[in-house]
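Here's the structure, in structure tokens; my notes come after.
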Amino acid sequence: MPQIVPCKECTLDDLTYTTGTPGNGGKDFLIIFIVSTGLCAELDFFCEGVNANIEINGGMGVIRDEDDGDIDGLAYLNLQCREDGTGWEVADELSATESESEVRK
């Protein structure tokens, strides 16, 4: 019988993601997908548009288009499933409970 690995059990239900306020820059994420081929599951968010950014936990953190050194209209957020499988976290172990895609004028 295969062993259950808790950090592969996280789902989208473990995170609230929104698209901001329509007309105020909010938009749908371009892509959201879970990758479970590594040691633990990872969740990737992509936001596309001019000045694209992704807010984390109600604005406590913001990933901007230019953060990766390339202004290409794409903001990217990668989350990892916690080792105990109880939710998602950013690489530096900041718990992530909310994500929002926005494009600012």
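Check which residues have an amide H placed less than 5 Å from Leu30's amide H, if you skip close sequence neighbours.
Phe46, Cys47, Glu48
Would you kindly find the accessible area of Asp68, with a 1.4 Å probe and non-protein molecules such as ligands, DNA and RNA excluded, rounding to the nearest 10 Å²?
So the heavy atoms of Asp68 present about 100 Å² to solvent.
Whose amide H sits under 5 Å from the amide H of Asn57, counting only residues 5 or more places off or on another chain, with H placed in the peptide plane?
For Asn57, the qualifying residues are Thr97, Glu98, Ser99.
Accessible area, 1.4 Å probe, largest first: how do Ile4, Ile34 sort?
Largest accessible area first, the residues go Ile4, Ile34.
The values are calculated or read from the model by the stated rules, or taken from the named source; none is laboratory data. Because the structure is a prediction, the values reported are computed rather than measured. Note: areas computed on protein heavy atoms with side chains; ligands, DNA, RNA excluded. Shrake-Rupley method; radii C 1.70, N 1.55, O 1.52, S 1.80 Å.
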